[in-house]
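Presented below is the structure to which this report refers.
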Amino acid sequence: MRTIRNILLYILCSLFLIFGLVMGICSSAGVCEFIWGTDIYETALGDPPVRTHPAFITFIILMTPFMIICVTGVFFLLVVPIFSKFHIRVLDSPQELKTIRKICRWFIKHLENIIILAEAKKELGSDSVLVPPPEEDIKK
């Protein structure tokens, strides 16, 4: 029962952190709106965005620091208190470290596959590596 509770709390805290990322993006857009007014949502930040407008450039520049600030705030204001309230220890056993190593190895392996596919795409000059080339290219 305790394991299920911990898993649910991990999921909840992950959602809180994702919410922090979205909050950083929205706060960056809010600063741009404060400076340039609400018209930027149809012009500079609209669909498609005007990438040369100062509002768009400001939005892109402010987005990463605001995301870092918001995620840090969410972590220390929500995640740490939840973990301390329910006495959940993080990385307190070798099994958890082993699991994290497995996840990192899996991620690196798939990242290498993505890099290999991107290089193959560049060499072939095709739009998609996943679509096989025409029959006559295979015979050559």
Practice task
Give me Cys32, Cys104, Cys70, Cys13 ranked fewest to most by other Cβ atoms within 10 Å of their Cβ, as a rough exposure proxy.
Solution key: Cys104, Cys13, Cys70, Cys32
Problem - 3J(HN,Hα) from dihedral phi, segment 61-78, Karplus parametrisation 6.51/-1.76/1.60, rounded to Hz, x for glycine, proline - result: 5, 7, 4, 5, x, 5, 5, 5, 4, 5, 5, 5, x, 5, 4, 7, 8, 10
Problem - Inter-centroid distance (Cα atoms) of segment 98-118 relative to segment 1-38, Å - result: 26
Handout entry: Amide proton proximity set for Leu45, modelled H, under 5 Å, gap of 5+
Key = Val50
Practice task
Using the number of other C-beta atoms within 10 angstrom as an exposure proxy, rank Leu111, Leu62, Leu12 with the fewest first.
Solution key: Leu111, Leu12, Leu62
Exercise for the section: Among Ser28, Ser14, rank each residue by its count of other Cβ atoms within 10 Å, from fewest to most, as a rough exposure measure. Expected result: Ser14, Ser28
Practice task
Counting helices only, and only those DSSP H runs with n ≥ 4, report the 222 nm mean residue ellipticity of the chain as the sum of -39,500 (n - 2.57) divided by its residues, in deg cm²/dmol to the nearest 500.
Solution key: -24000 deg cm²/dmol
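All of the numbers you see were taken from the coordinates with simple rules; none came from a lab. Since the model is a prediction, treat every value here as computed from it, not as a measurement. So basically every Cβ, Gly included, is an ideal-geometry build from the backbone, and we count neighbours across all protein chains shown.
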